[in-house]
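Nothing in this text is a laboratory measurement; each read-out follows from the coordinates by a stated rule. Computed from a predicted model, the values in this text were never measured in an experiment. Positions of Cβ are generated from backbone atoms using ideal geometry, with glycine treated the same way; all protein chains shown enter the neighbour counts.
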Amino acid sequence: MNTIRRRTFLKGTVASGFAAVAATSGLLRPTEVMAAAWPKSAFKSKKLDKSIKNLFGSSKVTASKAIKIKAPIQAENGAVVPLTVSTTMSNVEAIGVFVEKNPSPLATSIDLTGATAFYSARIKMGKTSAIHVIVKSGGKLHVAKKTIKVTVGGCGG
Amino acid sequence: MARLTKIKTRKKGGATEILVLVNHPMETGQRKNKKTKKKIPAHYIQKMVFKIDGKEVADANLGPAVSKNPLVGIRVAGVKKGASVKITWSDNKGESGKAQTTV
């Protein structure tokens, strides 16, 4: 049992190591990395701006009222916060969900290559925080924010 | 270990909604075992790919901040009845799973 675990662990390190090299070597543009592999740098970023930049290649965002976030105002359990995002914008390429005060802000993102501009998931929140939903449409980034109060945190414990 | 992956499709708002539920711990790597004080290693799904009739329609990146037993939903317009929906996912430990259904 122990040896098997050790194997999978080693394999995992080699694979993620390669992804990191590919991302930093500058051979691949950020958007291409996104399509090919899991955007590790964006998920590991501790700061919101940096995380957005690592995911979308830019942190320049404009506020938009066309993005709708459906989520509870107050979440009793931070481990499960249901979230639904939709927008009336056209040409939506990707949607990213960031929780400002989580240890790593990026919770999840999705690349849309045929699906409608809609995404739903359940996320964890460490404490009361603003959620930033970023929609990439026509090469531009749009943001909508919503603050959710959390009674019991869902990270760590 | 094979993990249970379920897909549900339904008509909603003129589009077809695809809901995926995976039985997965989604461990963040930040929690500690109370007895041993050791950190529980991270274990979470990273990629989830949605395909309809063999064509990729969406590609989701998940992080440790997604709740355990993740339920992910997308909507696709203009899907015909009887089209095949295929989901594949993989996590940071190299585990993967897939599920298939028809609309």
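Within 10 Å, count the other beta carbons around each residue, average over each peptide in B:73-83, A:96-106, and list them highest first.
Ranking the peptides B:73-83, A:96-106 by packing returns A:96-106, B:73-83.
Considering every Cα-Cα pair within segment A:39-152, what fraction, in whole percent, is farther apart than 19 Å?
40
How high is the FRET efficiency from A:Thr88 to B:Leu21, r the C-beta distance, R0 41 Å, rounded to 0.05?
Details: r = 28 Å, r/R0 = 0.68.
Here the calculated transfer efficiency is 0.90.
Going by the alpha-carbon gyration tensor, a ≥ b ≥ c the square roots of its eigenvalues, is segment B:5-102 rounded (a/c under 1.5) or, if a/c is not under 1.5, prolate (a/b greater than b/c) versus oblate?
Because a/c hits 1.5 or more and a/b exceeds b/c, segment B:5-102 counts as prolate.
What lysines does A:Lys50 reach when the alpha-carbon gap must be under 22 Å and sequence neighbours fewer than 8 apart in one chain are set aside?
Output for A:Lys50: A:Lys40, A:Lys60, A:Lys101, A:Lys124, A:Lys127, A:Lys136, A:Lys140, A:Lys145, A:Lys146, B:Lys47.
Across peptide B:30-43, how many C-beta atoms of other chains are within 10 Å of each residue C-beta, on average?
That works out to 1 on average.
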